[in-house]
Amino acid sequence: MYHGNTRIFENHAPEISAGNLRRFAHATGWELIDEDGTEFGNNVTTAETIDDFISSAANHWNECGTHYRVLIPTSADVGNDGFPAIYWPRMQMRKGDPRGPLSVVDFGDYRLAMKDTDLHGFCFPTEKG
């Protein structure tokens, strides 16, 4: 599938390179970030690490359940190329908040946190926590 309007990534999440965002969008079949950028607005860029999220879940969230460390492959060479990520199929940050999935994708210096997004169909598990 051709997605000609990939320049949208140059205007979103400047902390994450447009090239990495394009690779991520391609790896997830353009289902989590669409080509016109309208779905991108539900995501948050953060400097918090995946380990910071795990610590927050264990110490501060109202409900966190099981988390999964995964790799989102960006090429056929699954073992070596991809974005590390973590997701919770069901979590609740604060009492009264709706429960739902949360995914965090690591792009190096910054992460993309995606509420109500379950990466299960786009990744390979590396660890269950």
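The values are calculated or read from the model by the stated rules, or taken from the named source; none is laboratory data. Note that this is a predicted model, so its numbers are computed, not measured. Cβ: placed from backbone, ideal geometry, glycine included. Neighbour counts: every protein chain shown.
For segment 11-66: of the residues being of a type in the set (Asp, Glu), at pLDDT below 85 and loosely packed, with under 13 Cβ neighbours inside 10 Å, which is nearest to Arg111 (Cα to Cα)?
Here is the first cut: in segment 11-66, the residues of a type in the set (Asp, Glu) are 15, 31, 34-36, 39, 48, 51-52, 63.
Filter once more, keeping what is at pLDDT below 85: 15, 31, 34-36, 39.
So of that shortlist, the ones also loosely packed, with under 13 Cβ neighbours inside 10 Å come out as 31, 36.
Working: Glu31: 18, Asp36: 21 Å.
It comes out as Glu31.
Of everything in segment 119-129 that's touching a strand residue (DSSP E or B) at 6+ places or on another chain (Cβ under 9 Å) and surrounded by fewer than 18 Cβ atoms within 10 Å (Cβ to Cβ), which residue is farthest from Ala57 (Cα to Cα)?
If we take residues in segment 119-129 being touching a strand residue (DSSP E or B) at 6+ places or on another chain (Cβ under 9 Å) and surrounded by fewer than 18 Cβ atoms within 10 Å (Cβ to Cβ), then Phe124 is farthest from Ala57 (Cα to Cα).
Within the set of pairs 6+ apart or on separate chains, which have a first residue in segment 84-108 that is of a type in the set (Lys, Arg), a second that is part of a strand (DSSP E or B) and surrounded by fewer than 17 Cβ atoms within 10 Å (Cβ to Cβ), and C-beta atoms under 8 Å apart?
From segment 84-108, the pairs are Arg90/Glu63; Arg90/Gly100; Arg99/Glu63; Arg99/Arg90.
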